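Notes follow the structure.
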Amino acid sequence: MLLDNHGRKINYLRLAVTDRCNLRCFYCMPEEGLDWLSRKELMTYEEMLQACSLLVKMGIEKIRITGGEPFVRKDIMKLLTALSKLDGLKELSITTNGVLTAPHVAELKEIGVRSVNLSLDTLDANRFFAITRRDEFANVMETMHELLKHDIEVKINTVVMAGKNTQDIIPLVELTKELPVSVRFIEEMPFNGDGHSYSGIVWDYVKIFDEIRHTFPDIQKVPDPLYSTSYNYQIPDHKGSIGIIAAYSRTFCGTCNRIRITPQGTLKNCLYDDGVLNIKDLMRAGVNTIELEETLRAAFNSREKDGWQAEQKRKENPNFHESMATIGG
Ligand code: SAM
């Protein structure tokens with residue numbers, strides 16, 4: 001079992017396979033996109049597989065593939081298929097915006113993907129365009145239905161933003177009446193990739209819950225699974241469920257079981273830290289597996305207590321305003 005210096009079990013890796021994305025969500029990156037990584041800077045699939053294989057041997061049980069948008073990277077199904085065969089890996093899942101995903105759903109099912117996080121901030125096509133700057137709403141909905149058809153669990157991730165999509169909260173909750181989806185409302189985080197300062201949030205987890213309870217007073221708390229980042233609820237007679245993720249308020253650090261690897265190979269012990277080492281650089285410098293494992297263990301032994309501490313350290317670094325696309329959500 002892999003433990004950190006605070007006695008927390010680490011068993012979940014989020015691997016971002018690219019920084020590129022086919023949407024331009026205003027809260028994630030500027031309209032012109034980012035200064036994309038060159039191919040040389042990206043980890044190759046072989047390097048990813050090698051890193052994942054070692055981490056699974058060390059105690060990682062679940063890997064989530066994210067990005068950028070995973071399905072814009074060429075041959076992503078080859079990586080997913082290879083990962084799905086890793087001995088000891090209990091769960092492989094994906095976070096996607098759903099634009100290019102529908103044609104791959106049958107194959108995802110075949111390789112054993114049981115759950116997909118689908119990012120969707122609105123059920124209104126015009127607002128979708130306003131938020132993402134792309135006309136792709138129909139494709140995302142097709143992906144959602146395709147996943148449900150193949151009996152793959154769907155978790156819808158909705159970032160709640162003042163003045164942008166708070167009118168979508170109730171329609172999204174209503175979606176859970178007929179569909180067995182879990183809709184998770186996420187506090188907006190300061191990762192918009194444009195370097196502007198960020199002065200906190202209006203729609204925190206308390207306000208989101210109050211908004212839902214106002215329309216659905218009989219909403220019920222349900223038990224939160226181990227390591228859950230969401231407070232989970234259900235409305236009687238609804239097929240699906242509701243989650244609220246206090247990603248900005250950071251209420252869940254005490255049980256944090258996750259690490260991240262960015263597309264260029266940076267290992268992050270916390271979403272809010274600045275990266276603790278670069279796995280790709282170490283591999284390319286020729287370190288052997290034993291040395292790499294030792295270096296990783298040392299990094300896990302110096303994890304910050306929580307996201308506030310990690311952010312504080314990072315503020316000393318001038319590149320604070322990173323895009324979520326380079327971190328992996
Ligand atoms: N492209 C994939 C997708 O859209 O799901 C995976 C990467 S995306 C960066 C992962 C998640 O991060 C998405 O659900 C997105 O809404 C969320 N995200 C991006 N920027 C965010 C921000 N500033 N605050 C909160 N969530 C954010």
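In this Cβ point-charge picture (+1 for Lys and Arg, -1 for Asp and Glu), the chain has a dipole of about 620 debye about its Cα centre.
What the chain shows is 45 Å² of accessible area per residue, with the surface traced by a 1.4 Å probe over protein heavy atoms. Here segment 1-98 carries DSSP beta bridges of which approximately 10% are antiparallel, counting only pairs with both residues inside. Over the chain, the hull volume per residue, using the convex hull of the C-alpha atoms, is 129 Å³.
Taking a ≥ b ≥ c as the square roots of the Cα gyration tensor eigenvalues, segment 41-197 comes out prolate, since a/c reaches at least 1.5 and a/b is larger than b/c. The angle between the Cα long axis of helix 45-58 and the main principal axis of the chain comes to about 90°, on a 0 to 90 degree scale.
In the structure displayed, which of Lys239/Lys305; Lys40/Lys164; Lys74/Lys207; Lys57/Lys207; Lys155/Lys305; Lys9/Lys149 lie more than 31 Å apart, Cα to Cα? As for pairs spanning more than 31 Å Cα to Cα, those are Lys239/Lys305; Lys40/Lys164; Lys74/Lys207; Lys57/Lys207; Lys9/Lys149. Using a cutoff of 8 angstrom between alpha carbon atoms and counting only pairs six or more residues apart, the relative contact order for the chain works out to 22 percent. Against the chain, whose longest principal axis is taken from its Cα atoms, helix 205-215 shows a tilt of about 30°.
The values are calculated or read from the model by the stated rules, or taken from the named source; none is laboratory data. Keep in mind that what you see is a predicted model, and the values were worked out from it rather than measured. When we count neighbours, we look across all protein chains shown, and the Cβ atoms used for this are built from the backbone with ideal geometry, even at glycine. Each accessible area value is taken on the protein alone, full model and side chains, heavy atoms only, with ligands, DNA and RNA left out. Shrake-Rupley method; radii C 1.70, N 1.55, O 1.52, S 1.80 Å.
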